[in-house]
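Scroll down for the structure; my scribbles are underneath it.
The values are calculated or read from the model by the stated rules, or taken from the named source; none is laboratory data. The shown structure was predicted, so the numbers you read here are calculated from the model rather than taken from an experiment. All Cβ positions, glycine included, derive from the backbone under ideal geometry; neighbour counts span all protein chains shown. Only protein heavy atoms, including side chains, enter the accessible area calculation; ligands, DNA and RNA are left aside. Shrake-Rupley method; radii C 1.70, N 1.55, O 1.52, S 1.80 Å.
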Amino acid sequence: MDETAVAVRSVRDVGPDTVAVTFETPAGFVAEPGQFVRVLAEFEGEEEGRYYTLSSPDVAETFEVTVGVDPEGTLGPWLADREPGDEVRIEGPFGDDYYEGEDSVVLLAGGPGVGPAIAIAERAHDAGADVTLVYQDDEPVHEDRLAALADTGVTVVVVAADLADAVASVAGRTDGVPFVYGFAGFCEDALDALTATGFDTEAAKVESFGPAP
């Protein structure tokens, strides 16, 4: 979809320096969990745009992105300050590494990668898939949704470090399609851990967010 204005439905805190922004879905907007949009805003005459991956399992009436808020940044704090009814410009969706109905998935998320990982986990679980989620972060976010997933029987492993050990702990799920979301260093470590554990990384869907800030 070309650039379009979308209305903010809500903004809520979901963890340290992190908010979830929910938008009303515009007509004709179709996206899958794992895809991303570009959010645009102007600051002192200069346009700024950043990509945010969907953190909602569908876009039926609304869709959500999870935003890290750097107090010294511009776009993140601006989004965190939006009120219901405010309009925000977006482009997209973009991305090819999204959920396509796989019946067994293993999700590896580092830092901000938890947004798309949770979205896919919720969507896949609702579709009857076997779901495993490994999340590495020393300050986890979306803990309420992670707990809800665990309560429904999804295997959820949250670690501050020791990613290789966490992946090895789910070695029995090597028939699942791996999905990897996070900064570049995390994605490299995740693929190494998957390979060492016996997963087919040729089939992995990987979305790197670039170098860690």
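Against the definition (more than 15 Å from residue 119 (Cα to Cα), basic (Lys, Arg), at pLDDT 95 or above and part of a loop (DSSP other than H, G, I, E, B)), how does residue 12 come out, yes or no? No: the conditions fail for residue 12.
Just so you know, in segment 35-75 the residues that are small (Gly, Ala, Ser) and free of Cβ contacts under 8 Å to residues at least 60 places away in the same chain include one that is surrounded by the fewest Cβ atoms within 10 Å (Cβ to Cβ), and it is 45. Screening segment 171-186 for residues that are in contact with an Asp or Glu (Cβ under 8 Å, 6 or more places away or on another chain) and of a type in the set (A, V, I, L, M) and picking the one that is nearest to residue 132 (Cα to Cα) gives 177. The set of residues from segment 159-184 being open to solvent by 40 Å² or more (accessible area, probe 1.4 Å) and within 17 Å of the chain's Cα centre (by Cα) comprises just one member, 183. The set of residues from segment 77-94 being small (Gly, Ala, Ser) and open to solvent by 20 Å² or more (accessible area, probe 1.4 Å) comprises 80, 85. Screening segment 19-34 for residues that are open to solvent by less than 20 Å² (accessible area, probe 1.4 Å) and assigned to a strand (DSSP E or B) and picking the one that is nearest to residue 57 (Cα to Cα) gives 33. Residues in segment 148-174 that are in a loop (DSSP other than H, G, I, E, B), within 13 Å of residue 121 (Cα to Cα) and among the hydrophobic types (A, V, I, L, M, F, W, C): 154 only.
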